[in-house]
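Working notes, structure below.
The values are calculated or read from the model by the stated rules, or taken from the named source; none is laboratory data. None of these values were measured; they are calculated from a predicted model. Glycine gets a Cβ as well: all are built from the backbone with ideal geometry, and neighbour counts include every protein chain shown.
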Amino acid sequence: MKIEYNKSLKRYNTFGIEVFASEFATITSVTELENILIENENKSLFILSGGSNMLLTKNINSLVLHISIKGITVTEASDTHVLVSSNAGENWHDFVQYCIKNNYGGLENLSLIPGYVGSAPIQNIGAYGVELKDTMVSCEAINISTRKKHVFLKNDCKFGYRNSIFKNESKGKYIITKVTFKLTKKEHQLNTSYGAIEKALTDQKITQPTIKNISDAVIKIRQSKLPDPAEIGNSGSFFKNPVVNTGHFIKLQQAHPNIPFYKIDENHIKIPAGWLIEQSGFKGKRWGDAGVHEKQALVLVNYNNATGNEILEISKKIVTSIKDKFNISLETEVNII
Ligand code: EPU
C-alpha cells in the first residue's frame, strides 16, 4: 500500500479543518492493516475513521491509518433474526440504508449519523431513543501492539452514554475492523418514543410505520436542525448532555421553570446542553468562519476556513459561560486532537 506524505486531512474530517499528516495510508483490508503495523512497529500511529467526531487543532506528526475496509455480510439467519456484519470502513448511513432495504430492523433511528461503522462502537452512537449497544452483538479489533485479532462481545465493551471501553482502558490500543449486529427480519421493535418522530408520522397519517418510514422521519428531523457536513463543517453534538443531581436540578428549575430535562434515575437528571448554550446567548453566533449553529446550539460549525483552534476557543467560551450561569461543567463529546 502507498504511503503519502504531508497529506491534507481537510476532506477526511467532517469539520473540514485543514491540517496535515506527516504520513498517510489508506487501509483496505485486515491483511494490509497487519502488514503496515509490522512494518511500522515503532512509529507513532493515528487511527482515522470517518473523521466525524474529532476537532483537529494541529498537524499530525504520525502515520495516519485511514481505515477504509469495506464489505457487508449476513452471517447467520433464522426465521426472525439476522446477524449482519459490516467492515469498519463502510459509511454508517449507507450501512443503515442497506439494512432498511433488506428489511433488517433495529438501526433505523440511527439514520444519517455521519462517520464510519468502525468508530460507531467507540462512542456508542445514539439518536432518537436508540443506541448502537441495543443491537450490537460483537466487534472485532486488532490489538495494535500484539497485532492479534480480539473479539469484544457487547458486554466487554462497557457501553454507556456516548462511552465505551475504547474511550477508557482500551483507548488507543485497538483498531476496530468489523462490527456485528443482531437485527430483526419481522416483528420489528420500532422506537417512536421521541416526540418529533411521532409527530412526523402523524403528520403523514402513518399509523403502522415500517422501518423505512422511521428512517425517513429521522432523516427529515436531522436535516431540519443539523447541518450537513458536506455543506457546513461540523461534528454533530460538540458536547455531551450533562447529568446533574436532583438537588442541583431543583434549584435550576426554580430559576428556569421551562428547563427541558430527562430523568435518569431517582438522583440524576440529564439536561440538554443545547438548551443551556442557547440560554447563554451563543446560538447562531459567529466569529469569522467559526460559529454556533443557528438551529441547534449544541453543534459548532466551520463555515469555510476556520482553524481547529478558533472552534476550540468558542467551545471554551461556552464552557466558562455555562459554568458561571448554571454551575454545570460541560464535557466535550468530540475528541480534541
Ligand atoms: N434545545 C434548545 N436549543 C437548542 C438545541 C436544543 O433549547 O439549540 C432543546 C430542545 O428544545 C429540546 C432539547 O434541547 O428540548 C433536546 O434537543 P434535541 O432533541 O435536538 O436533542 P439533543 O439532546 O440536543 C441529542 C444527541 C444528538 C441526537 C439527538 C436526538 C447528545 C449529545 N446529542 O441531542 O446526537 O441526534 O439527541 O436523539 O446526546 C450527536 O451525538 O452528534 C448527535 C447529534
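Quick notes
- Residue match in segment 271-280 (condition: more than 8 Å from the ligand (Cβ to nearest atom) and out of contact with any strand residue (DSSP E or B) (no Cβ under 7 Å at 6 or more places or on another chain)): yes
- Only listed residue being surrounded by 16 or more Cβ atoms within 10 Å (Cβ to Cβ) and basic (Lys, Arg), chosen from 270, 317, 325: 270
- Test for residue 168: is it polar (S, T, N, Q), farther than 15 Å from residue 119 by Cβ and outside the structural domain of residue 80 (by TED's automatic domain parsing): no
- Among the residues of segment 217-255, those identified as among the charged types (D, E, K, R) and either crowded, with 21+ Cβ neighbours inside 10 Å or in contact (Cβ under 8 Å) with a residue 12 or more places away in the chain (or both) are 220, 222, 225, 240.
- Criterion violated by residue 166 - all others in (1) more than 29 Å from residue 80 (Cβ to Cβ); (2) part of a loop (DSSP other than H, G, I, E, B); (3) away from the ligand (no atom under 14 Å from the Cβ); (4) of a type outside the set (Val, Ile, Thr) satisfied: (2)
- Each residue in segment 163-180 was checked for being surrounded by 19 or more Cβ atoms within 10 Å (Cβ to Cβ) and without any contact (Cβ under 8 Å) to a residue 40 or more places away in the chain, and 1 of them qualify.
- Residue pairs meeting the criteria (Cβ under 7 Å; at least 6 apart or on separate chains; first outside the structural domain of residue 162 (by TED's automatic domain parsing) and among the charged types (D, E, K, R), in segment 261-283; second assigned to a loop (DSSP other than H, G, I, E, B) and modelled with pLDDT of 95 or more): 270/241; 270/261; 278/297; 283/294; 283/297
- Only strands (runs of 3 or more DSSP E) whose full extent lies in segment 43-94 are considered here, and the ones with at least 1 residues that are touching a residue at least 60 places away in the same chain (Cβ under 8 Å) and surrounded by 22 or more Cβ atoms within 10 Å (Cβ to Cβ) are 60-67, 81-87.
- Every residue from segment 181-216 that is surrounded by 14 or more Cβ atoms within 10 Å (Cβ to Cβ), part of a loop (DSSP other than H, G, I, E, B) and in contact with a strand residue (DSSP E or B) (Cβ under 8 Å, 6 or more places away or on another chain): 185, 188, 190, 191
- Subset of segment 196-253 [more than 14 Å from the ligand (Cβ to nearest atom) and of a type in the set (Lys, Arg)]: 205, 212, 251
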